[in-house]
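Engineer: Pasting a structure here, questions to come.
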Amino acid sequence: MFNKALIATDLSDSSEQLVRCTGGLRTLGVQEIVLGFCIRLHEVQGVRANVEDILKPDLDRQRAALERQGYAVKAELLLGDPHVEVNRLADAKDCELVVVGSRVHSLAGEVFLGGLAGEILHHCRQPLLVLRLSADKDLRRACPLTTLDRVLFPTDFSENAEHAFPAVIRLVEDGLKSVVLLHVQDRTKLDRHLKDRLEEFNAIDKERLERLKEHLLSKGAQDVQVELPYGLPTEEILRRTRRGDISLVVMGSQGRGFFSEVFLGTVSHNIARHAPVPVLLIPALR
């Protein structure tokens, strides 16, 4: 599905775990990796050469860790704002996927997505995979995507959701057997004036989901569930990811109301920030 991926590292403890946990990227077809570390201009203060000499051994160590997992790897030191340089490097190296890591705090089960990952989330032009990293000492449990058992595809039937659906088709064609198709009837839009038409909307949207289901079954899927909850989209999608049977969420990174959501934060970005499982965001056509 994705032959070459760019992994964005900040050489932190989290990124050390990230490079040890990339075996699951093979479930998405990744064979080659570009490992990118960005030095912010304001942090260099005219001593770039010395900074590069200091950081290069750590970057080389991470590169070697990826090579031991069987990937062809190139490491790059960048200079500038990470969200700009990551996009530039991904374009220059023909990377089809950008990968960042985020921590799951085991005590409260909360997800933290900040720093480098949060910055890239809001600006990435390529498909973006947010990998969840737990503190479990057993790497089989701490590393995500070691198996790809069931994918959740939330859709609002927007143009961008339609643009993201081929990613699910590709996964099925590559061997994925189980998919959950989910559409949330948004109560904030229906409660005030349209709730009496909920049964009508459910019938229309269930038919839409069934068409997607038939398409996936025709491509080789064996178990496709259709779910149509009523509530707040972010809450309902997160609730579904917390049942423990979802390996990966695939969704478009913008939905209806693109321009207003630039300021309010999209549902997809909220899922990327708070879901306890990996999230693959397919960017909007712009």
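The values are calculated or read from the model by the stated rules, or taken from the named source; none is laboratory data. Worth saying up front: this structure is predicted, and the values here are computed from it rather than measured. Note that each Cβ is placed from the backbone with ideal geometry, even for glycine, and that neighbours are counted across all protein chains shown. For accessibility, only protein heavy atoms count, side chains too; no ligands or nucleic acids. Shrake-Rupley method; radii C 1.70, N 1.55, O 1.52, S 1.80 Å.
Engineer: Roughly how many Å² of CYS143 are accessible to a 1.4 Å probe, to the nearest 10?
Structural biologist: For CYS143, solvent-accessible area is about 10 Å².
Engineer: Then there is this: Provide the net charge surrounding ARG88, with neighbours chosen by a C-beta distance below 12 Å and charges set as Lys +1, Arg +1, Asp -1, Glu -1.
Structural biologist: Within the 12 Å Cβ shell, the charges total -2.
Engineer: Over 30 Å between Cα atoms, which of LYS4/LYS56; LYS177/LYS206; LYS4/LYS177; LYS4/LYS206 qualify?
Structural biologist: Long pairs (Cα-Cα over 30 Å): LYS4/LYS206.
Engineer: Roughly speaking, to the nearest percent, how much of the stretch 145-278's 1.4 Å accessible area is carbon and sulfur?
Structural biologist: Carbon and sulfur atoms account for 50 percent of the accessible area of the stretch 145-278.
Engineer: Probe radius 1.4 Å, ligands and nucleic acids left out: which of HIS274, HIS183 has the largest accessible area, and how do the rest follow?
Structural biologist: Most to least solvent-accessible, the answer reads HIS274, HIS183.
Engineer: Something else: With every protein chain kept in the model, how would you rank VAL98, VAL84 by accessible area, 1.4 Å probe, largest at the top?
Structural biologist: VAL84, VAL98
Engineer: Only Cα pairs under 8 Å and at least 6 apart count here; give the relative contact order of the stretch 113-240 as a rounded whole percent.
Structural biologist: 25 percent
Engineer: Once ligands and nucleic acids are excluded and a 1.4 Å probe is used, how much of PHE37 is accessible, expressed in Å² to the nearest 10?
Structural biologist: Solvent-accessible area, nearest 10 Å²: 20 Å².
Engineer: Dividing the Cα convex hull volume of the stretch 182-248 by residue count, how many Å³ per residue is that?
Structural biologist: Looking at the stretch 182-248, the number lands at 86 Å³ per residue.
Engineer: Going from most exposed to least, what order do HIS269, HIS215, HIS83 have by accessible area with a 1.4 Å probe?
Structural biologist: Descending accessible area places them as HIS215, HIS83, HIS269.
Engineer: Let me ask something else about it. Give the accessible area for VAL267 in Å² (nearest 10); use a 1.4 Å probe, count only protein heavy atoms, and leave out ligands, DNA and RNA.
Structural biologist: 40 Å²
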